[in-house]
Amino acid sequence: MPVTVADALKMEAFSKCRLLTGKAGMDNEILWVNILEILDDLSHIEPGELLITTAHDFKTQSRSWQQGMIELFAARKLAAVAIQTGHYVEEIPQSFISFAEGHLIPLIEIPPDVSFKSITRALMNRLIQDTQSDSAYPGEQTLENRLDLQARTMKNLWNQIIESENPKDLHLELNRFNLEAQEPVIAAVIHFSGEADYDLELTGEDGNRLLGQAEPVVVRILRQFHVAFLLGPSDRYLTLLMQPGHFQSDPQKFILDLTQKLLGELKIYFPGTAMNAGLSCLHHDLGGLRPALGEAEKALQAANLQLVDQGEIVSYRNLGLYRLIMDIKNMETLKCYYEETIAPLLEYDRSCEGALIKTLQQYLESCSIKNAAEILYVHRHTMKYRLEQVRKITGLNPLIPEDALQLNIGLSIYRYLQSLNMLD
């Protein structure tokens, strides 16, 4: 059954909220939740949405501005508007209430001690779980169905781009999603897992069901941002292509910030599900989609293996030496390099209860004997002695840049092989 405004107000999350006006619209069906802190860009509002806002800068606007906003809400057939007081407005102006009453728009007041997250999570859980039956609405295409159709169309176009020798030939299809064949692109992959189990792969019926639920949600969220995007086909994780646009001074930061916002909203819709993401470098045009996807997948793998400490979103450009190491398919080559550099130091530490590995790591990070000694709480002479031991055991002098690089590569290979459980 569809969720109406009346149904929402009966939910526990809305128990402290107050309906100010709009009883005539209590049967309005809620299809989605749209959160806007600043009411400056309303171009993405769509029919059936419950708009939640703190009304930032609201009290400085004129009565005519308030009236124009309500008229826009009515024209867009919003289900209802909910405004949280206590942050930017102490109380909702009577003029705005009157305008809402005149256009039969339910206006809800959210007290300051009620979080957006609790309301959005409760309502989105209800909307996602309470799947509308096609048989109950013969011939009617629901919002969920439209989003599913858009997701499938995007996946088909993704495959066409991958298979095309010249993506410019797809200009009509690209225009449908505001994509440009010659504009830079970034690929992103998003991994879902259990609460604290990042090794869980999305396979089988449970994984397919979660991806199926998440795809239309992602499409709906990204449509609210100023970015051209495509959803890609995958049975393991969510795959995205995004074009930041030529107007962005730092397109990679723009996509990173956008991905952070996307994960934040997805966590509201899917509570209890942990997420992390991998981002590719910026590629010059759509022809770089295939290598961009490979980079994003490697960045995600590095995140899952906890090779880098960059939070829940890892960019390929920040992988350092792992960009090279993860491209080496022959594991025996990596093991051989590890055994010639780091393995003897580990054996020494185990047999003598030493700290050569720890000392080497800190020195290579600090690039200074003095700073490394201070961090490890040892004397400079102790640091020098330990580094000399490294030289004797490996034949590589950490004080010489070329040798230090080889040792650093060896340490990175050691961490990589260790994360893959390939070392005894």
Whether any residue in the stretch 361-377 is of a type outside the set (S, T, Y) and touching a residue at least 24 places away in the same chain (Cβ under 8 Å) is what I want to check. yes
Selection over the stretch 195-229 where residues are part of a helix (DSSP H, G or I) and at pLDDT below 55 yields a count of 1
Positions within the stretch 298-327 being part of a loop (DSSP other than H, G, I, E, B), more than 15 Å from the chain's Cα centre (by Cα) and surrounded by fewer than 13 Cβ atoms within 10 Å (Cβ to Cβ), in sequence order: Q306, D309, D327
Give the residues of the stretch 298-321 that are over 26 Å from Q406 (Cα atoms) and either touching a strand residue (DSSP E or B) at 6+ places or on another chain (Cβ under 6 Å) or among the hydroxyl-bearing types (S, T, Y) (or both), sorted by residue number. E312, I313
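This table checks each residue for (1) under 19 Å from A24 (Cα atoms); (2) loosely packed, with under 14 Cβ neighbours inside 10 Å; (3) modelled with pLDDT of 85 or more.
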position	(1), (2), (3)
R76	yes, no, yes
G102	yes, yes, yes
S115	no, yes, no
I128	no, no, no
Looking at (1) under 28 Å from A299 (Cβ atoms); (2) outside the structural domain of A188 (by TED's automatic domain parsing); (3) not aromatic (F, W, Y), find the lone condition where A355 falls short. (1)
Being under 27 Å from N125 (Cα atoms), modelled with pLDDT of 85 or more and of a type outside the set (F, W, Y) is the requirement here; does G232 meet it? yes
Can you tell me which residue among L240, L266 is of a type in the set (A, V, I, L, M, F, W, C), in the same structural domain as N178 (by TED's automatic domain parsing) and either modelled with pLDDT of 90 or more or touching a His at 6+ places or on another chain (Cβ under 8 Å) (or both)? L240
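The values are calculated or read from the model by the stated rules, or taken from the named source; none is laboratory data. Here the structure is a predicted model, which is why all the values come from computation and not from measurement. So basically every Cβ, Gly included, is an ideal-geometry build from the backbone, and we count neighbours across all protein chains shown.
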